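Trainee: Here's a structure for you.
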Amino acid sequence: MSSTFVVQQGKVMFIEEGSDEPVEVKGGVCAQDFAVVSLFRQGYLWGGYLRDQKGIWWYHQRNKKAKFVTPEADGFRVLDDDYGLGSAHVYLEDRVIPGADPRSFSLMENTNYFARDKHRLYVKTGSHFFHVDTLDPTTLVANGPYVGDKHDLYHLYDSLTLSNGLKLHETVRNSLCEEHHMLLKDWLAKHYSDIVGWWHPAYPFNADGAEQIADDWYRTSNAVFFKETLTTMRASQEVFNLVRGADPASFEPLDASHARDAKNVFCRSRRIDSVDRESFLPIEGLFGKDKAGVYFNGYRVEHADPAKFQVLRSVVPLAKDNKRVYVAAHARTAWPFGHPDDILVTLDEADADSFRTFGERGVWAADAARVYLRGEHQKKLDAGSFRFLCETKSNCWAADDNGLYRSNGTLTVAGIDGRSFIKLNDFWGSDGKAVFSFVTGAIQKSIDAESLVVTDENGGARDAAFHYRVVDGRIRKTKL
C-alpha cells in the first residue's frame, strides 16, 4: 500500500507505506472537506499540499504536522512538488515568496532547478532556494545547471556563480533530442535564435577591440567591461564581463574595483543599488561608502556607520565601526530569499571597542572576551591570556595559557605548555622543557631547553653541546 491520508473518527491521519498504524496529522487541519491536493516523496519522507474547509495546508513528514498556507483553495495549483500558486501569491511550501507573480510564474525548460516570472529568476535545489533580481527575465535561458540571460552565463552548484568564461566551451547538459555533443552556445543559437543574446551573431556588446581605461576597466564604443582573470594550475583566462547599464561616454574608474558614470556607481561588473553617486568614495579593495552607508562587493552593509567605519588589516575582509565588527561571509544578500553572495555581516558578539587584528596578515584577532582565527571565533582559546607571537611564511603563531597555536594545519601544537611558553625571537620559543622552532613548525627534541640561548636575530642559537643556525628553512647544527 502506498502512503496516504485517511479520515478516521473525525481526524486526518497519515498512513506510511508499509505500516498499518495511522498517525494523526497535527497542526489544525480538519476532516471536513478534506482532500489531498498533491503528494510527493522526498527521500524516505512524504510531503505535499492538503485542503480542508479552511483552505490550503502544507504537510511534510519531517514536521509531523500541517501548516496553514492560504484560505484561497479554489484554483490553487502546484508546480514541482513544493511551489504553490494561489491567486495573489506564490508559495514555497508554506511560505510566501515576496514579490513573486503567480500569473507569470512557470518552470523553465531543459532544467530541474530554475523557474521564472515576469520579475526575476528563481533557483531551487534539494537544500537551497533563492531568487536573483539582476538578470533580464524576458531573455532567461537554461540548460541543466546553467542559466543566464542575453548578457551573462551562470552555473549552479551551492550558489549561482558568474561563469562567462565557459560561454564558448561548455557543452549541453540537458536535452531530449540527443544534443549532448553540442556546445552550449550552439544549442542556444539553435533553440533561442529569436533572442539576440551572447550566443547570437548579431549580439551588439562584444568585447573584441575593447580598450583599457585603467586597471581592469575596458570599454568599446557602446559598452563597458570589467576584466576578470581566471587562473588554474594549467593556464589563465581573461574574461570580459559586461558592466550592465554603464554609459561608456561618461564612465570613469574610481579605483581598481569601483567606478561611476553619469547616473550610477559600480563595483566591478555590478551596479550598486540605492547608492548616493555624488558622495560615494572607495575605501579600499571591495569596500566603499557614501554619506549614508557602507558597501562591500557592491552590497550595502547593514547597520554600518560610514563616519566611524574602518577597514582592518586582515587576511579575510574585516572591519568595524564604533558599535559592531564586520566580517565577509557567503550569505543571503536579502531576506528571506535573496541569492547568496560575498557580503559583509556582523560578527556576532564581537566587541568593537577592544577588537583588533595582529601582524601584517591579520590572521589572528581578539577582543576583550574572544579570540578569532580568520574571522571565526575560536571557542577553546582564552582571550584573557591570548598573545600573538609572530608570522612565518607558512604560519602565524599565537599562544594562551592552554597551549601554542598555528594558523594552518592542526590548530594546537602538541607537547607545549602554553602558560610557560616564551617567544625568544621570530625563530625560537621554549616552555622551559621543550624547544620550538617557528620556522620548521615543530618541537626540536634534540635541543636542550634548559641551556638554550639565542645568539643572534638571524636564527642563531646554542645549547650546552651544539650551535644552531637556520638555513633555507632548515636547522643546521655544529658541535661546540
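Trainee: A207: open to solvent by less than 60 Å² (accessible area, probe 1.4 Å) and at pLDDT 95 or above, yes or no? Lay out the reasoning, then the answer.
Mentor: Numbers: open to solvent by less than 60 Å² (accessible area, probe 1.4 Å): yes; at pLDDT 95 or above: yes.
Yes: the conditions hold for A207.
Trainee: What strands (runs of 3 or more DSSP E) completely inside segment 171-246 contain at least 3 residues that are within 12 Å of H151 (Cα to Cα)? Can you show your working first?
Mentor: Details: elements: 211-214, 217-219, 224-231, 236-242.
Those strands (runs of 3 or more DSSP E) span 236-242.
Trainee: Right, another one. Please find, within segment 393-449, the residue that is surrounded by the fewest Cβ atoms within 10 Å (Cβ to Cβ) out of those that are among the hydroxyl-bearing types (S, T, Y) and within 32 Å of the chain's Cα centre (by Cα). Before you say what the answer is, go through the steps one by one.
Mentor: From segment 393-449, those among the hydroxyl-bearing types (S, T, Y) are 394, 405, 407, 410, 412, 420, 430, 437, 440, 446; that's our starting set.
Keeping just the survivors that are within 32 Å of the chain's Cα centre (by Cα) gives 394, 405, 407, 410, 412.
Details: S394: 14, Y405: 25, S407: 19, T410: 8, T412: 14.
Out of the qualifying residues, it is T410.
Trainee: So D456 clears everything in (1) free of Cβ contacts under 8 Å to residues at least 12 places away in the same chain; (2) open to solvent by less than 50 Å² (accessible area, probe 1.4 Å) except one condition, right? Which one?
Mentor: (2)
Trainee: Could you please tell me which pairs satisfy a Cβ distance under 7 Å, a separation of 6+ or placement on different chains, a first residue in segment 151-171 that is among the basic types (K, R), and a second residue that is open to solvent by less than 60 Å² (accessible area, probe 1.4 Å)?
Mentor: K167/L153; K167/K185; K167/W198
Trainee: Follow-up. Among the residues in segment 119-127, are any surrounded by fewer than 19 Cβ atoms within 10 Å (Cβ to Cβ) and on the phi > 0 side of the Ramachandran plot? Quick ask: steps written out before the conclusion?
Mentor: Narrowing segment 119-127 to residues surrounded by fewer than 19 Cβ atoms within 10 Å (Cβ to Cβ): 119, 125-127.
Those still in the list that are on the phi > 0 side of the Ramachandran plot too: none.
Scanning segment 119-127 turns up no residue that is surrounded by fewer than 19 Cβ atoms within 10 Å (Cβ to Cβ) and on the phi > 0 side of the Ramachandran plot.
Trainee: Let me ask something else about it. Select, from L318, L344, L381, the only residue that is under 30 Å from L121 (Cβ atoms) and either hydrophobic (A, V, I, L, M, F, W, C) or open to solvent by less than 70 Å² (accessible area, probe 1.4 Å) (or both).
Mentor: Values: L318 fails: under 30 Å from L121 (Cβ atoms); L381 fails: under 30 Å from L121 (Cβ atoms).
None of the other options fit; the residue is L344.
Trainee: Here is a further query. Could you tell me whether segment 181-188 includes any residue that is farther than 29 Å from A262 by Cα, open to solvent by 30 Å² or more (accessible area, probe 1.4 Å) and without any contact (Cβ under 8 Å) to a residue 12 or more places away in the chain?
Mentor: Pass one, segment 181-188, residues farther than 29 Å from A262 by Cα: 181-188.
In the following step, the residues that additionally are open to solvent by 30 Å² or more (accessible area, probe 1.4 Å) were identified as 181-183, 185-186.
Subsequent filtering for residues that are without any contact (Cβ under 8 Å) to a residue 12 or more places away in the chain retains 181-182.
Yes: segment 181-188 contains one or more residues that are farther than 29 Å from A262 by Cα, open to solvent by 30 Å² or more (accessible area, probe 1.4 Å) and without any contact (Cβ under 8 Å) to a residue 12 or more places away in the chain.
Trainee: If E450 passes every condition in (1) more than 20 Å from G473 (Cα to Cα); (2) in contact (Cβ under 8 Å) with a residue 40 or more places away in the chain but one, which one does it miss?
Mentor: Tallying (1) more than 20 Å from G473 (Cα to Cα); (2) in contact (Cβ under 8 Å) with a residue 40 or more places away in the chain, E450 fails exactly one: (2).
Trainee: Scan the strands (runs of 3 or more DSSP E) fully inside segment 364-471 and keep the ones with 2 or more residues being closer than 30 Å to N322 by Cβ. It would help to see each step written out before you state the result.
Mentor: Numbers: elements: 364-366, 371-373, 387-391, 396-400, 403-406, 428-430, 435-437, 466-471.
Of the strands (runs of 3 or more DSSP E) lying wholly inside segment 364-471, those with at least 2 residues that are closer than 30 Å to N322 by Cβ span 364-366, 371-373, 387-391, 396-400.
Trainee: Here is a list of conditions, (1) of a type in the set (S, T, N, Q); (2) under 29 Å from the mean Cα position of the chain (by Cα); (3) open to solvent by less than 40 Å² (accessible area, probe 1.4 Å), and T171 meets all of them except one; can you say which number that is?
Mentor: Of (1) of a type in the set (S, T, N, Q); (2) under 29 Å from the mean Cα position of the chain (by Cα); (3) open to solvent by less than 40 Å² (accessible area, probe 1.4 Å), only one is false for T171: (3).
Trainee: Ok, one more. Among (1) closer than 23 Å to H128 by Cβ; (2) in a loop (DSSP other than H, G, I, E, B); (3) charged (D, E, K, R), where does D353 come up short?
Mentor: Here D353 meets the rest and fails (1).
Trainee: Considering only segment 248-270, how many residues are open to solvent by 20 Å² or more (accessible area, probe 1.4 Å) and outside any loop (DSSP other than H, G, I, E, B)?
Mentor: Total satisfying the criteria: 4.
Trainee: Only residues that are within 23 Å of the chain's Cα centre (by Cα) and open to solvent by 40 Å² or more (accessible area, probe 1.4 Å): list them for segment 101-118, please.
Mentor: N112, Y113, R116
Trainee: Also: When you scan segment 217-229, how many residues do you find that are surrounded by fewer than 20 Cβ atoms within 10 Å (Cβ to Cβ) and under 19 Å from G285 (Cβ atoms)?
Mentor: 3
Trainee: Collect the residues in segment 33-60 that are more than 14 Å from P71 (Cβ to Cβ) and over 37 Å from the mean Cα position of the chain (by Cα), keeping them in residue-number order.
Mentor: Within segment 33-60, F34, A35, V36 qualify.
Trainee: A further question follows. When residues of segment 128-168 are filtered for being in a loop (DSSP other than H, G, I, E, B) and more than 15 Å from the chain's Cα centre (by Cα), how many remain?
Mentor: Initial filter on segment 128-168 (in a loop (DSSP other than H, G, I, E, B)): 128, 133-136, 140, 144-145, 149-152, 157-159, 163, 167-168.
Those left that are additionally more than 15 Å from the chain's Cα centre (by Cα): 133-136, 140, 144-145, 149-152, 163, 167-168.
Selection size over segment 128-168: 14.
Trainee: If only one of G285, G245 is open to solvent by 50 Å² or more (accessible area, probe 1.4 Å) and on the phi > 0 side of the Ramachandran plot, which one is it?
Mentor: Working: G285 fails: open to solvent by 50 Å² or more (accessible area, probe 1.4 Å).
That would be G245, the only listed residue that is open to solvent by 50 Å² or more (accessible area, probe 1.4 Å) and on the phi > 0 side of the Ramachandran plot.
Trainee: Could you please give the count of residues in segment 8-29 that are out of contact with any Pro (no Cβ under 8 Å at 6 or more places or on another chain), surrounded by 15 or more Cβ atoms within 10 Å (Cβ to Cβ) and free of Cβ contacts under 8 Å to residues at least 40 places away in the same chain?
Mentor: Final tally of qualifying residues: 3.
Trainee: Quickly run through segment 67-110 and pick out the residues that are outside any loop (DSSP other than H, G, I, E, B), aliphatic (A, V, I, L, M) and within 20 Å of S127 (Cα to Cα).
Mentor: So in segment 67-110, the residues outside any loop (DSSP other than H, G, I, E, B) come out as 67-70, 77-79, 83-85, 90-92, 95-96, 106-107.
If we keep only those that are aliphatic (A, V, I, L, M) too, we end up with 69, 78-79, 85, 90, 92, 96, 107.
Once the filter is applied, which keeps residues that are outside any loop (DSSP other than H, G, I, E, B), aliphatic (A, V, I, L, M) and within 20 Å of S127 (Cα to Cα), segment 67-110 yields V78, L79, V90, L92, V96, L107.
Trainee: Additional query: Kindly provide the set of residues from segment 348-378 that are of a type in the set (D, E, K, R), open to solvent by 20 Å² or more (accessible area, probe 1.4 Å) and either touching a Phe, Trp or Tyr at 6+ places or on another chain (Cβ under 6 Å) or over 21 Å from T412 (Cβ atoms) (or both), ordered by number. Write out each step before concluding.
Mentor: First, pick out the residues of segment 348-378 that are of a type in the set (D, E, K, R): 348-349, 351, 353, 356, 360-361, 367, 370, 374, 376.
Those left that are additionally open to solvent by 20 Å² or more (accessible area, probe 1.4 Å): 348-349, 351, 353, 356, 360-361, 370, 374, 376.
Listed by number, the residues that qualify are D348, E349, D351, D353, R356, E360.
Trainee: Could you check segment 288-307 and list, in sequence order, the residues that are open to solvent by 20 Å² or more (accessible area, probe 1.4 Å) and out of contact with any Lys or Arg (no Cβ under 8 Å at 6 or more places or on another chain)?
Mentor: If the condition is that a residue be open to solvent by 20 Å² or more (accessible area, probe 1.4 Å) and out of contact with any Lys or Arg (no Cβ under 8 Å at 6 or more places or on another chain), then K289, K291, A292, Y299, R300, E302, A307 are the ones that fit.
Trainee: Now, a different point. If I go through segment 67-88 residue by residue, how many of them are surrounded by 19 or more Cβ atoms within 10 Å (Cβ to Cβ) and not aliphatic (A, V, I, L, M)?
Mentor: We begin by selecting, within segment 67-88, every residue surrounded by 19 or more Cβ atoms within 10 Å (Cβ to Cβ); these are 69-70, 73, 76, 82-86.
Those still in the list that are not aliphatic (A, V, I, L, M) too: 70, 76, 82-84, 86.
Count: 6.
The values are calculated or read from the model by the stated rules, or taken from the named source; none is laboratory data. As the structure is a prediction and not an experimental result, all values here were calculated from the model. Positions of Cβ are generated from backbone atoms using ideal geometry, with glycine treated the same way; all protein chains shown enter the neighbour counts. The protein model used for the area step is the full one, side chains on, heavy atoms only, and it has no ligands, DNA or RNA in it. Shrake-Rupley method; radii C 1.70, N 1.55, O 1.52, S 1.80 Å.
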